[in-house]
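Following: one structure in structure tokens, then a few remarks.
The values are calculated or read from the model by the stated rules, or taken from the named source; none is laboratory data. Values in this document were obtained by computation on a predicted structure and should not be read as measured data. Every residue, glycine among them, receives a Cβ derived from its backbone with ideal geometry; neighbour counts consider all protein chains shown.
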Amino acid sequence: MGGYGGRVSWLSGSDQEKPWFHVRSYGVGTSDFVAAVSVLMMVVSAISATFVAYLALSPALVLHGFVWQVVTWPLASDISFWTLWNAVVFWFTGRQLERQIGKGRFGWMLLAIIVSGSVLAVLLGLAFRVNAPLLSGLGTLAMIVVLVFIAENPRMPFFFGIPAWVLGLVIVILPLLQYVGGRYWIGLLHFVLSLVLAAVIAKLAGLLGQYRFIPGRMYTPGERRRRRRQATQPYAGAGVSNVVQGPWLAPEPPAREDEEMDALLDKIMAQGLDSLTGRERRRLEELRQQRRAR
């Protein structure tokens with residue numbers, strides 16, 4: 001994939017780059033872990049397909065005590081090329097979003113999307129009296145993550161230079177046509193409502209800030225810094241003017257360095273990483289290390 005058409009601040013914080021744990025020298029984040037477990041479940045499916053089948057979400061079974069299905073349905077992987085493909089796509093796009101908002105927030109976003117989709121499926125299953133499994137495998141979650149990534153970077157060139165938003169339209173329109181053609185109205189309703197809920201959750205997680213029509217509050221980095229300063233200075237503005245900042249507060253980065261990094265990131269988004277000169281790459285790494293040291 002090429003450059004980026006929208007701003008992706010994936011180098012914006014040292015806490016966002018620390019993995020959950022390491023496997024040798026490789027740092028494992030949330031997207032790595034979910035994709036790896038999904039692939040592992042293919043092996044488990046070969047050993048016990050029945051066990052994996054009980055991970056898929058069935059409204060009737062959830063109401064009879066199989067409550068774990070509310071969070072386990074993305075792991076109900078069958079043995080197919082598409083399972084592997086979904087894992088790869090989820091890993092690639094999820095890793096970019098994870099770098100942008102942090103591994104913890106990204107994990108909570110995934111969990112919220114999974115649970116909200118499960119609750120919606122159970123309610124629709126009861127309304128339409130459907131007892132068959134409604135959610136199974138990583139495909140649905142991977143599709144949502146890809147769409148969030150595309151919405152965050154709508155002008156990013158994909159195959160043959162096609163803008164990302166065009167691919168996003170295809171990803172959305174094809175299932176809609178399939179549901180309408182098959183007169184599968186419960187699937188159509190779940191698909192549309194799931195996308196709406198996922199957009200709201202992503203906005204609350206700190207993504208899709210450029211879409212004002214999506215409910216939710218996203219604080220800019222400057223707003224977050226001001227809120228942190230206010231939280232650590234409870235008496236500021238209350239008649240006490242000699243509040244001393246301790247050494248525990250990291251100094252604000254110079255505005256010039258912020259602007260310089262933004263300019264380099266904008267160039268990567270617009271033209272791709274290969275567009276940077278050797279000097280620009282070294283400078284980007286220096287700025288990244290400075291932010292990590294804060």
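Some notes on this structure:
- Taken residue by residue, the range 97-112 has at least one member that is touching a residue at least 12 places away in the same chain (Cβ under 8 Å), in the same structural domain as SER45 (by TED's automatic domain parsing) and on the phi > 0 side of the Ramachandran plot.
- Residues that are more than 23 Å from the chain's Cα centre (by Cα) and of a type in the set (Phe, Trp, Tyr), drawn from the range 33-80: PHE51, TYR54, PHE66
- When the range 151-199 is limited to residues that are more than 20 Å from the chain's Cα centre (by Cα) and not in a helix (DSSP H, G or I), the one that is surrounded by the fewest Cβ atoms within 10 Å (Cβ to Cβ) turns out to be ARG183.
- Which numbered condition ASN153 misses (of (1) farther than 30 Å from ALA60 by Cα; (2) free of Cβ contacts under 8 Å to residues at least 12 places away in the same chain): (2)
- Yes/no for VAL115 being surrounded by 18 or more Cβ atoms within 10 Å (Cβ to Cβ), in a helix (DSSP H, G or I) and hydrophobic (A, V, I, L, M, F, W, C): no
- Residue selection: VAL145 satisfies the criterion of being under 26 Å from SER45 (Cα atoms) and part of a helix (DSSP H, G or I).
- Residue check for GLY125: of a type outside the set (A, V, I, L, M), crowded, with 20+ Cβ neighbours inside 10 Å, assigned by TED's automatic domain parsing to the domain that holds SER194 and over 17 Å from the mean Cα position of the chain (by Cα): yes
- Residue list for the range 129-150, filter: within 14 Å of the chain's Cα centre (by Cα) and more than 19 Å from VAL192 (Cβ to Cβ): LEU138, PHE149
- One residue from VAL67, VAL146, VAL71, VAL88 being of a type in the set (Val, Ile, Thr) and free of Cβ contacts under 8 Å to residues at least 12 places away in the same chain: VAL67
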